[in-house]
Amino acid sequence: MGANAILKSRMDELGLTQDELADRMNTALAEITGRNGDVSARTVRNLLNGTSRRPIGRTCAALERVFDCPVQDLGFSAPRAMQHPQEDPVRRRTFITSATGTAAAAVPFVAQRRSVGVSDVTRAAAGMNALVESDDRQGGHTQLEKAALKGRNGVMELQQRNAGERVRRALYALAAEYTTIAAWSCIDARNLDQAQKYLNQSTTYAGLSQDGPTEMRVWVNHSMLAYQRRNWPEALAAAQAAHACTAARTDPFFDSLGRVRVALAYASLGDARSALRSLGSAQDTLAKASRRERPRWTAFYGQAELDHLGAIVHYHSDRFVHAEAMAHRALAKIPPAFCRNRALATAQLALAQLHQGDAEQATTTATDVFTIMGDTRLPGRMRTLIGDFHRDLFVMAPSTTYARDWADRMRAEWSRA
């Protein structure tokens, strides 16, 4: 006698505990016979520890229904009544009748779709990670939005299949992640109304997932959206909600991310003291964060991104020298693959230089944004930032040669498809 490693592996694949498997088996028996089953956690324990190597017919019928395979494939010896081809529907129905009683005759056996397990979650997550990498390179765009929605729809189709509680929560987390990518793509492209619709959906999925990092990501994006709408009180409230999430309370990395979003909102509200205090706290907590595996979407955040966001905080606090210094620090650390982030930090550097009165140098810096983005069309959020630079440049130095040259370059870039 020995433990049934095959059954244990299949349970792990579906994310099922002993109690959950017992519940699933009882549900299966109710579907087959019309009567509630009496499978208990003790029954499952005996199946796992090898006490039951040849389960009775009712138990076999329930196992086959739950795992959608013959009991032989689960490491058991089948009763004599089962030892015939499973694909024969007449024989299959005959066995179920003999195993569970005549009530089964009134309930035809309906083959279920394959159960969903951890490997399905892993494959779905790989698709999401590919979209995050696309966003890192070129920012939000229509194709990214469509691909994210396609991924979300695929995950929700998996939700309709048989799955354990752990797997089901993971699928809801992925649905939230995919929908948030679609929302973020719209934020980056300045399609803000559509972004709001997606984020409302993401909030529901994140709540169902009960996953701290996923919930925090959704609230961070709510804050970003409100920031783009220039609704500073809502940006602050959403940032505070992000900082209150379980992930921020248990991991200094997420705590820092929440604090810097709070700092950005305070700076936009004109509360420089609170903004700088939150920024300092974000720096302190990030220094305490350990290196460990976190969701792929968090790869953008680290010291480089904190310096970039710090430059924005100082800029909105009218501390332009500090803003320039932090933008330089950010650009020294942002990886080359993060083209969109490098371009945004460069635009922020140009604004800081411009507001110190160095308009010519600022214009040269701003032109680098186009070089960094290469053949990629500028996302709407970046175009807005460049538009702010353009407006301020022509207020401060409207008649200069470099300003006219800048205007010609900008028109050429804006006309690109």
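What follows draws every value from the coordinates through simple rules; no lab data is involved. Keep in mind that what you see is a predicted model, and the values were worked out from it rather than measured. Heads up, the Cβs are rebuilt from the backbone with ideal geometry, glycines too, and the neighbour counts pull from every protein chain shown.
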Partners for K150 among lysines (Cα-Cα distance below 21 Å; same-chain residues under 8 apart left out): K197
Segment 329-417: relative contact order in percent, alpha carbon pairs under 8 Å with at least 6 residues between: 26 percent
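Pick out, in residue order, every one of the GluC sites (Glu not before Pro) in segment 317-417 that is DSSP loop and has at most 13 other C-beta atoms within 10 Å; say none if there are none.
Numbers: sites: E324, E360, E413; in loops: none.
Sites meeting the loop and neighbour criteria: none at all.
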Mean separation of Cα contacts under 8 Å, 6 or more apart, over the residue count of segment 212-272: relative contact order %: 34 percent
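Ranking R45, R259 by Cβ neighbours within 10 Å, fewest first, what do you get? Please list the in-between numbers first.
Values: R45 13, R259 27.
Listing R45, R259 from fewest to most nearby Cβ atoms yields R45, R259.
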Ellipticity estimate at 222 nm from DSSP helix runs (n ≥ 4, -39,500 (n - 2.57)) divided over the chain, nearest 500: -23500 deg cm²/dmol
Mean-position separation - Cα centroids, segment 320-367 and segment 170-207, in angstrom: 29 Å
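In what order do E64, E305 fall by count of nearby beta-carbon atoms within 10 Å, going from fewest to most? All intermediate terms of the calculation are to be shown ahead of the outcome.
On the way: E64 25, E305 21.
Listed from fewest to most nearby Cβ atoms, that is E305, E64.
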Dipole magnitude of the chain about its Cα centre (Cβ charges: Lys, Arg +1; Asp, Glu -1), debye to nearest 20: 1180 debye
Spatial extent of the chain: Rg and Dmax, with the Cα atoms as the point set, Å: 28.5, 95
Cα centroid of segment 289-312 to Cα centroid of segment 228-269, whole Å: 14 Å
Estimated Rh, segment 329-417: Kirkwood, alpha-carbon pairs, angstrom: 13.1 Å
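Two-decimal Rg/Rh of segment 141-208 from alpha-carbon positions, Kirkwood Rh? The partial results should precede the final answer.
Working: Rg = 12.1 Å, Rh = 11.9 Å.
Rounded to two decimals, Rg/Rh equals 1.02.
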Taking the chain and dividing mean pair separation by its residue count, relative contact order in percent (alpha carbons under 8 Å, at least six apart): 10 percent
